[in-house]
1. Return, ordered by residue number, the residues of the range 238-256 whose backbone nitrogen is under 15 Å from a label point located 7 Å along Cα→Cβ of residue 286.
2. Only bridges with both residues in the range 174-305 count here: give the DSSP antiparallel percent, nearest 5.
3. Each residue of the range 225-231 in turn: what ³J(HN,Hα) in whole Hz from Karplus with 6.51, -1.76, 1.60 and θ = phi - 60°, glycine and Pro shown as x?
4. If you plug each phi of the range 174-181 into the Karplus form 6.51 cos²θ - 1.76 cosθ + 1.60 with θ = phi - 60°, what whole-Hz ³J(HN,Hα) values come out, in order, with x for Gly and Pro?
5. To the nearest 0.05, how large is the calculated FRET efficiency for residue 72 and residue 191 if R₀ is 51 Å and r is the Cβ-Cβ distance?
6. Looking only at Cα atoms, what is the convex hull volume of the range 181-272 per residue, in Å³?
7. Run the quick spin-label model on residue 227 and residue 199: label points 7 Å from Cα toward the beta carbon, then report their separation in nm to one decimal.
8. List the pairs from 242/272; 126/282; 59/175; 19/126; 59/190 whose alpha-carbon separation is above 25 Å, in the order I gave them.
Amino acid sequence: ACSSGAGGASGDSGSGPIKIGFSQVGAESGWRTANTKSLKEALASDNGFKLTFSDAQQKQENQISAIRSFITQGVDAIVFAPVVETGWDDVLKEAKDAEIPVILEDRSVDSDPSLYTSRVGDDFEKEGETAGKWVADNFAGKSANLVVLEGTTGSAAANDRTTGFNQAIKGTDVKVLDSQTGNFTRSEGKTVMEGFLQKYGKSINVLFAQNDDMGLGALDAIKAAGLTPGKDIQIVTIDGTKDGLTALADGQFNYVVECNPLLGDKVAEVVKAAVAGKKVDKLYLAKDEAFDQAAAEKALPTRPY
Ligand code: AHR
């Protein structure tokens with residue numbers, strides 16, 4: 001059931017560049033900056049593309065109007081990173097009716113897979129599970145009082161990481177004191193952590209931040225409360241940006257699960273194939289690692305983002 005678009009696109013004809021409309025989530029995190037750069041480089045004119053880039057500022061309605069405008073412009077393919085999982089059926093049907101292949105990058109949608117061509121992304125559920133497993137193993141035999149900084153409400157990244165994490169701590173003694181969204185940003189990570197500290201004080205001894213940026217924002221709140229991050233409160237995050245791995249190497253974070261943002265080359269390959277009417281897979285997942293302090297020290301000198 002692998003659709004590659006209905007072949008109405010013209011960009012593979014050799015007559016000119018492949019016209020792409022790319023609707024990005026926003027610029028909420030270091031991960032996102034690296035992801036945007038990767039896509040812009042891979043979809044550059046040197047590689048045979050003509051890219052129209054649109055920043056949705058974390059708003060679904062902006063993405064829907066960007067996609068509609070790409071359809072009106074008659075692009076050869078649409079690439080988009082869906083801010084949330086639900087609510088895409090109508091606009092995806094419109095793209096399908098216009099015979100424009102749609103490639104999801106990064107996050108997924110809950111629409112029927114026949115409505116899009118392919119997704120290039122990361123396995124968020126596995127990332128959450130790896131983080132949860134670290135908490136369960138690291139606090140085995142000790143009491144873990146955990147708070148969670150969730151990503152953007154309704155996003156596949158937040159939903160799936162929560163599912164994977166909860167599965168991994170199920171049946172353990174890890175106690176979830178609270179779980180709230182910090183919208184994947186540093187500033188909201190800091191504000192929500194301040195609230196957790198006011199409410200639960202020193203009883204918190206572990207934080208799961210669903211991305212590096214929220215964890216980095218939380219560091220400020222933890223230090224301002226007179227506590228030592230990495231010691232009084234152990235911290236596990238997801239992404240593996242340079243800033244996240246630096247905090248890990250410094251001992252302020254304790255474990256970081258990678259989410260690879262360098263999806264551009266695979267997206268470019270899938271777009272080219274889809275526009276040429278070739279069969280593509282429904283899903284391409286990037287490979288993700290996990291880092292402890294020693295691994296972070298080793299990785300940092302060559303970390304590209
Ligand atoms: O969808 C991927 C997530 O979105 C990253 O983990 C986060 O940093 C970004 O904002």
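Here, each number is a calculation from the coordinates, and none is a lab measurement. What you see is a predicted model, and the numbers here were worked out from it, not measured in a lab. For neighbour counting, all protein chains shown are included, and Cβ atoms are generated from backbone atoms with ideal geometry for every residue, glycine included.
1. Those under the cut-off are 238-245.
2. Given both bridge residues lie in the range 174-305, the antiparallel proportion sits at roughly 20 percent.
3. In residue order, the calculated couplings are 7, x, 10, 9, x, x, 10 Hz.
4. Values, residue by residue: 5, 9, 8, 6, 6, 8, 9, 7 Hz.
5. Values: r = 39 Å, r/R0 = 0.77.
E between residue 72 and residue 191, to the nearest 0.05, is 0.85.
6. Given the Cα convex hull of the range 181-272, per-residue volume reads 89 Å³.
7. Modelled inter-label distance: 1.3 nm.
8. Result: 242/272; 59/175; 19/126 exceed 25 Å.
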